[in-house]
1. Could you say which residue among ILE106, ILE110 is crowded, with 18+ Cβ neighbours inside 10 Å, modelled with pLDDT of 95 or more and either at negative phi or within 11 Å of the chain's Cα centre (by Cα) (or both)?
2. Just to be sure before I move on: is GLY33 within 18 Å of the chain's Cα centre (by Cα) and exposed (fewer than 12 other Cβ atoms within 10 Å of the Cβ) in the structure I sent?
3. Take the residues of region 113-137 that are among the polar types (S, T, N, Q) and modelled with pLDDT of 95 or more: which is surrounded by the fewest Cβ atoms within 10 Å (Cβ to Cβ)?
4. Which residues, taken from region 93-108, are over 18 Å from GLY33 (Cβ atoms) and either in contact with a Cys (Cβ under 7 Å, 6 or more places away or on another chain) or assigned to a loop (DSSP other than H, G, I, E, B) (or both)?
5. Which one of GLY33, GLY46, GLY26 is assigned to a loop (DSSP other than H, G, I, E, B) and small (Gly, Ala, Ser)?
Amino acid sequence: MEVCFREVDPFNCWIWLQFNEVPSEGEKNYIDGIFDSWYVLGRLGGFNAENLQAHHEGIEISGMAYDNNEANKAMPALMHNIGELEYQRNWARCWVDLGTSDAMAIDVLINSLIQVDESVVQLKQVCVGGVNTDWPIVEHPDALFQMDR
């Protein structure tokens, strides 16, 4: 699976998936579930690189002292909104307003899709941002900011 980044507007971002073959309904449901779960974590502030205490502790976290004051100092990193996945032949796309969530959100999604590619449904590529010339986009109704024209 290849990963590409196009022009990324975090408040008006399209994520594109290209499958090796047209996905079955079961495979679509699986991908939909991944995006739904990813959004819930983002909406709850889960993608906040300012508060990665366990990660920074290293491999041994047994008995780690978690600092709630440090956690409370972190600026909120909330994903604002997501659209429904749309499918067209061997492509899928999803609009997302990443809000103030960190780029870590994109890494988590890509890591999940890498595993899905290996174990569930083969993906040819995942593209973050931009547009596909053969599948035009229109202003998403939930976008807070208008697209530059």
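1. Answer to the selection: ILE106.
2. Criteria met by GLY33.
3. Filtering first and then ranking leaves GLN115.
4. Answer for region 93-108, where residues must be over 18 Å from GLY33 (Cβ atoms) and either in contact with a Cys (Cβ under 7 Å, 6 or more places away or on another chain) or assigned to a loop (DSSP other than H, G, I, E, B) (or both): LEU98, GLY99, THR100, SER101, ASP102, ALA103.
5. So the residue among GLY33, GLY46, GLY26 that is assigned to a loop (DSSP other than H, G, I, E, B) and small (Gly, Ala, Ser) is GLY46.
Yes/no per residue for (1) touching a Gly at 6+ places or on another chain (Cβ under 7 Å); (2) modelled with pLDDT of 95 or more; (3) small (Gly, Ala, Ser):
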{"position": "PHE5", "(1), (2), (3)": "yes, yes, no"}
{"position": "TRP16", "(1), (2), (3)": "no, yes, no"}
{"position": "SER37", "(1), (2), (3)": "no, yes, yes"}
{"position": "PHE47", "(1), (2), (3)": "no, no, no"}
{"position": "ILE59", "(1), (2), (3)": "no, no, no"}
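The values are calculated or read from the model by the stated rules, or taken from the named source; none is laboratory data. A quick note: this is a predicted structure, and the numbers were derived from the prediction, not measured. With ideal geometry, Cβ positions are generated from the backbone for all residues, glycine too; neighbour counts draw on all protein chains shown.
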